[in-house]
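Before any comments, here is the structure.
The values are calculated or read from the model by the stated rules, or taken from the named source; none is laboratory data. Predicted model only: the values in this text are computed from it and were never measured. In this analysis, Cβ positions are derived from the backbone assuming ideal geometry, glycine residues included, and neighbour counts consider all displayed protein chains.
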Amino acid sequence: ETFPAHMCVLAARSPVFTAHFFGAMKKSKSGSVVHIDDMEARVFKALLHFIYTNLYWETNADGEDEEDVMAQHLLVAANRYNLARLKLVCEDKLCKYIDVGTMATILALVEQHQCHGLKKACFCFLCSPENLKVAVASESFDHLSKNCPSVMKELVAMLGTLLE
């Protein structure tokens, strides 16, 4: 899918696009098309919407875009293009979706993209003994413990301070 956009607007909002268009990563002037291969078109469209309007992409009324999934994808895109405000907005949106079913996925995302506010919200959620018990029993928590040991170490340290 092709999206028209202005180089100067993209560069003004994102240091990554600045480097791409005008810096060391500068592409030749003959090609005005930028290929983004590792992002869904709907996510890039939402990213462009934010770049142009400074507003978060709202989900469709028919529910086509699930807000939590879109927020996860946009958080990754915001991190990739160094859009700090969009990253914070996505973190805020994702805080509303923290539950025992999503917590491990969100914590893995936190680890990959350094989302301190979202990590704090997940840890607060896990401070509840009931939430912790259910989360620890889940398969996704096993996956988290194997793939994100530093998060698990922080979680154990945080829980240890609560017990003191």
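Looking at the structure I just gave you, is R13 basic (K, R), modelled with pLDDT of 95 or more and either under 30 Å from V134 (Cβ atoms) or more than 13 Å from the chain's Cα centre (by Cα) (or both)? Spell out how you get there, then give the answer.
Values: basic (K, R): yes; modelled with pLDDT of 95 or more: yes; either under 30 Å from V134 (Cβ atoms) or more than 13 Å from the chain's Cα centre (by Cα) (or both): yes.
Spelling it out, R13 is indeed basic (K, R), modelled with pLDDT of 95 or more and either under 30 Å from V134 (Cβ atoms) or more than 13 Å from the chain's Cα centre (by Cα) (or both).
Annotation note: of V110, V89, V76, the sole residue that is under 13 Å from the mean Cα position of the chain (by Cα), within 21 Å of T18 (Cα to Cα) and not in a loop (DSSP other than H, G, I, E, B) is V76.
Counting only residues that are of a type in the set (G, A, S) and either surrounded by 14 or more Cβ atoms within 10 Å (Cβ to Cβ) or within 30 Å of L83 (Cα to Cα) (or both), region 107-164 holds 8 of them.
Go through region 48-70 and give me each residue that's closer than 30 Å to L132 by Cα and either assigned to a helix (DSSP H, G or I) or modelled with pLDDT of 95 or more (or both).
Step one: of region 48-70, the residues closer than 30 Å to L132 by Cα are 65-70.
Within region 48-70, E67, D68, V69, M70 meet the criteria.
Among residues of region 113-138 being more than 14 Å from A71 (Cβ to Cβ) and outside any helix (DSSP H, G or I), the one that is modelled with the highest pLDDT is Q114. Here H73 passes the criteria (1) modelled with pLDDT under 90; (2) crowded, with 17+ Cβ neighbours inside 10 Å; (3) of a type outside the set (D, E); (4) more than 30 Å from G160 (Cα to Cα) except the one numbered (1).
Of all residues in region 74-128, which are without any contact (Cβ under 8 Å) to a residue 40 or more places away in the chain and of a type in the set (G, A, S)? Steps first, answer last, please.
Keep residues of region 74-128 that are without any contact (Cβ under 8 Å) to a residue 40 or more places away in the chain, which gives 74, 76-79, 84-103, 105-106, 109, 112-114, 116-128.
Residues satisfying the conditions are A77, A78, A84, G101, G117, A121, S128.
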